[in-house]
Structures are given as structure tokens and as C-alpha cells.
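Below: one structure, written as C-alpha cells.
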Amino acid sequence: MGRWTWFHRLASPPSCYQTAQTLKPWFWVPAVVLLCFGLGNGLYFAPKDYQQGDAYRIIYIHAPCAWLSLLAFSTMAIASAIGLIWRLKLAHALTSALAPLGAAFTLVCLVTGSLWGRPMWGAYWAWDARLTSELILLFLYVGYMVLRASFDDVDRADRTSAVLAVVGFVNVPIIHFSVNWWNSLHQGSTVIRADGPAMPAAMLIPLLACFVGFTCLMAYLACVRLRAEILVRERRPSWLLTVDEHHE
Amino acid sequence: MGEVMRRECRLAARKPSQWLQPLVFFSLVVTLFPLSLSPTPDLLKTLAPGVLWVAALLSSTLSLERLFANDFEEGVLEQWVLSPHPLWVLIACKIAVHWFFSGVTLMLLAPLAAMSLAIPSSAVGVVMGSLALGTLCLSLLGAIGAALTLSARRSSSLLSLITLPMALPILIFGARAMDLASQGQDTAGALWLLGSLCVLSVSLALPAVTAAVRIAME
């Protein structure tokens, strides 16, 4: 039993509220440092690509956003499953805190991708497999948020949208596979390959810094939104008073 | 189980407009394309798979809106939740009957639509087969959407917003099977993939619909 006390403590709104507060600096400090280093290096100092020139530099924003769009959805699905199985309200709070963040990163990924596509492929949009599955992912996020917003009762909204998050998550690989089968134009993977990354270190290190930096940024934003979400859900004055005593 | 099936069939037989409307809608949408593009057989033949599938997808979301709504409002679903029979079996019966009245009828209507879009008659078998498999998937996936939106506000547009992205693979494989068939090529691959999607959606949809109905009941 003793091993799980941390879990029970984390599952209570006041301590989660405070844990999120203590975690915040652990995320925003690395995010600022890594993004300054990664974006600064990537956008100005990294060597030009021999084929794509300067245009490739958008990868420093595009690729981390694509990764985060999937990371956020997976986290949402896992949190939803936890919330459904153990009836943990905080897991649902985390899911609803993450949804707009994931949607935003998906949108940034699509916009940067189409800006890159204009000089490279000659069109802002191509019906390529990865683009299409990313677009469908955006629709899944939107569907999730709209479904959530169409319930008055928080508990029912939580659990209904959690079912959708889990079902959508199971569908993402199926959609990706089917779209891939349909048409693919996107360049192959550069970083994760069997024969090692096809990128010089001067380009790769800032990119990795951007990946970690953007992930920390999302974690920080998730903490902020989770705190706000908990505040909205626990609008009981007595609870707020106890929080104020411990904190701030 | 048999009783539930019989009840569903009787309900559908007494209210034919519920399952006839989507069929009329399907034929209308199919009619719109030759009128808005051009009636040349070559063009129609290339567009036909896409047209048939988009029309089938839209008409299925139309028929799914009321799948659980009436039973929910009249308290039948509540009785089902309370009854000693497992809920998923009852729901599976309901979906099966719905598929019979939406999917199988659509499949019987499809040859006419396909002929009118200049699909060669040798491909009609694949058109019917792919539509039968595809509408089964659509009924199952749509049931998830219908169950999730049961107690939601503004549920009509919400249903298509939730269901359509997930129905994308069905659209892709179904249209590809028809396309290959109308070019006289081997369609086994696409049909197998469609069949495996069916199996997947059975295993995915039944637990999800059951969970969603229980949540809506609480």
C-alpha cells in the first residue's frame, strides 16, 4: 500500500494543484534555455542544406510540433483511459487541459508544413499521406473539443469525451496506415533511421534541443492549464482557503 | 435477443420513412454529380467510386442520428441497461438491424446508381460487396458517435464531426476497391482490408457504444 501513497496524494485536487505549481519552473526554465539555444542555432548558425537552402530551417519548428501533436493525443488517450477505469477526475482534467494545446501544435505543424511546401513542392498543400493524417488529427482534436463543450454536466462531459479520445487514439494508426497506402509524397524520416541520422551534428543538435525544448514548453503550458482547470472544477471556498494557506 | 431483433424490425417496418429517407438522399446526391460536372461516360466512370462512397457516407450519418435517440427518450435504453441480458448483445442486435435496413438496402440500390454512373456491369458485384462491408463498418462507427452524442446539445452536426474523420479508412479502401473493379483489375486486396476494418470496428465499437450508453444513462 505504502508504495502507492504518492499516487493517492497526486490524485487529490489540492496536492495536484500544488505539484503543478512546483513543477512549473522545472519545465519553463529548460524550455527557455533549450529553445533559445535550439532555435537560435537552428535558424541562424546551422549550415545551409545543400539542396533546400535556408528553407529547411522550418524543420526546427515543424518537426517538434508534429511530435507534440501526437504526444498530446497519446497522453490524452492514456489519461482518458485512466480516468474511465479508475474514475479519476484529475485525469479528465488533464485531458481537457491538453486538448487545445495539442490542437494548437497540430495547427502550427500544418501551417509551417504548408509554408515549407510552397518553395519545395510548388504548392502550399499537397494531398500527401502525412499531411492528410495530420489534418485528420486536427479534426479529431476539434471533434473532441466540440463534444466536450456540448455537455452542461462536467462529469458527463469528462467521461463521454474520454470514450471518444480512446476510440480516436485507436483509430489514428489505422487512419495513418490507410492514408499512407493511398498516397505518399512526404520526404522519408531523417532523424530516426536504421543507419543513423542523415544529418550533420551542427543541424541535429539544435533540432534535438528544439524537440526537448518544445516538449518542456508544452508540459509547462499543461501545468498552467491544469491548475486553471482544477480551480474551475473545485469552486469551493473552503478548498481555496486551504490552498492559500499552504501556498502563495 | 430474437425478441429485440423482432422489435427493431417491427419498428423499422412501421416507420419506413426513417430508412427510406437516407436512400432517397443517396440517390439525390448521386444525381447531383453528373448534373454539376458533365455527363460524359469517361469522366463519370473515373469519378463514380468517389461519388458513390461520399454519398453512402453522408446518407449513413443521416440515418444514424436517430439510432439511439428515440429509445433514449422513451426510456427503452434504461430498461436495457437494467435488464439481466448483457447490454452489448442488445446493442449488437440493434446495430445489426440498423445495418440491414440502411446498408443492405443501400447495397441493393447501388447497382442502379453504379450503372447510371457508367460503371461496367462486370464491376457491379464488387460495388455491392464493398458497400455491404463498408456500410457495416459505418453503422458500427456511427453507433459510437450516436451513443456519445445522446445527451449532448446540438447533436446533429456533432455526429458527423465525430464520425467522418474515423470513417476515412473505409472510404479509402471502399473507393479503391470499386475503382480497381471498374478498371477490370484484381480487387481482393482492397476487399480484404475492408473486411479486416469490419472485424476491427466490431471489436472496437461494441465496448465503446456500451460504455457511452451507460454514461448517458447515469
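The values are calculated or read from the model by the stated rules, or taken from the named source; none is laboratory data. Small disclaimer: the values here were computed from a predicted structure and weren't measured. When we count neighbours, we look across all protein chains shown, and the Cβ atoms used for this are built from the backbone with ideal geometry, even at glycine.
When you look at A:PHE169, is it touching a helix residue (DSSP H, G or I) at 6+ places or on another chain (Cβ under 9 Å) and more than 8 Å from chain B (Cβ to nearest Cβ), yes or no? Write out each step before concluding.
Values: touching a helix residue (DSSP H, G or I) at 6+ places or on another chain (Cβ under 9 Å): yes; more than 8 Å from chain B (Cβ to nearest Cβ): yes.
Spelling it out, A:PHE169 is indeed touching a helix residue (DSSP H, G or I) at 6+ places or on another chain (Cβ under 9 Å) and more than 8 Å from chain B (Cβ to nearest Cβ).
Hey, can you tell me all the residues within region A:116-136 that are part of a helix (DSSP H, G or I), of a type in the set (Phe, Trp, Tyr) and without any contact (Cβ under 8 Å) to a residue 60 or more places away in the chain? Correct list: empty.
If you filter region A:137-153 down to residues that are in a loop (DSSP other than H, G, I, E, B) and more than 7 Å from chain B (Cβ to nearest Cβ), you find that the one that is surrounded by the fewest Cβ atoms within 10 Å (Cβ to Cβ) is A:ASP152. Just one of the listed residues (A:LEU231, A:LEU131, A:LEU226, A:LEU207) is at pLDDT 85 or above and closer than 19 Å to A:ALA103 by Cβ, and it is A:LEU226. Looking at region B:74-102, which of its residues are in contact (Cβ under 8 Å) with a residue 40 or more places away in the chain and among the small types (Gly, Ala, Ser)? The answer is B:ALA92, B:ALA96, B:SER102. Could you check, for region A:81-103, whether at least one of its residues is under 20 Å from A:PHE169 (Cα atoms), at pLDDT below 90 and outside any helix (DSSP H, G or I)? Checked against the condition, which is being under 20 Å from A:PHE169 (Cα atoms), at pLDDT below 90 and outside any helix (DSSP H, G or I), region A:81-103 yields at least one hit.
Can you tell me how many residues within region B:11-41 are without any contact (Cβ under 8 Å) to a residue 40 or more places away in the chain and over 20 Å from the mean Cα position of the chain (by Cα)? Looking only at that region, the number is 8.
Condition test on A:ALA72, is it closer than 20 Å to A:GLU134 by Cβ, touching a residue at least 12 places away in the same chain (Cβ under 8 Å) and under 14 Å from the mean Cα position of the chain (by Cα)? Yes; evaluated as a whole, the condition is true for this residue. For region B:38-56, the condition of being of a type in the set (A, V, I, L, M, F, W, C), modelled with pLDDT of 85 or more and within 19 Å of B:VAL97 (Cα to Cα) holds for at least one residue. Taking the stated definitions as given, is A:ARG159 facing chain B (nearest Cβ under 8 Å), basic (Lys, Arg) and assigned to a helix (DSSP H, G or I)? It is true that A:ARG159 is facing chain B (nearest Cβ under 8 Å), basic (Lys, Arg) and assigned to a helix (DSSP H, G or I). Residue count for region A:48-59 under the criterion of being surrounded by 15 or more Cβ atoms within 10 Å (Cβ to Cβ), over 13 Å from A:GLY113 (Cβ atoms) and under 27 Å from the mean Cα position of the chain (by Cα): the result is 1. A:ALA77: away from every other protein chain (no Cβ under 14 Å), surrounded by 17 or more Cβ atoms within 10 Å (Cβ to Cβ) and either under 26 Å from A:TRP121 (Cα atoms) or at pLDDT 85 or above (or both), yes or no? No; evaluated as a whole, the condition is false for this residue.
If you scan region A:4-45, which residues turn out to be over 15 Å from A:LEU221 (Cβ atoms) and among the aromatic types (Phe, Trp, Tyr)? Answer for region A:4-45, where residues must be over 15 Å from A:LEU221 (Cβ atoms) and among the aromatic types (Phe, Trp, Tyr): A:TRP4, A:TRP6, A:PHE7, A:TYR17, A:PHE37, A:TYR44, A:PHE45. In region B:143-166, is there at least one residue being closer than 21 Å to B:LEU47 by Cα and in contact (Cβ under 8 Å) with a residue 24 or more places away in the chain? Within region B:143-166, one or more residues are closer than 21 Å to B:LEU47 by Cα and in contact (Cβ under 8 Å) with a residue 24 or more places away in the chain. Do we find a residue being within 14 Å of chain B (Cβ to nearest Cβ) and under 24 Å from A:HIS8 (Cα atoms) anywhere in region A:90-112? Looking for residues that are within 14 Å of chain B (Cβ to nearest Cβ) and under 24 Å from A:HIS8 (Cα atoms), one finds at least one in region A:90-112, hence yes. Filtered by the rule that a residue be of a type in the set (D, E, K, R) and in contact (Cβ under 8 Å) with a residue 12 or more places away in the chain, region A:84-115 gives a lone residue, A:LYS89.
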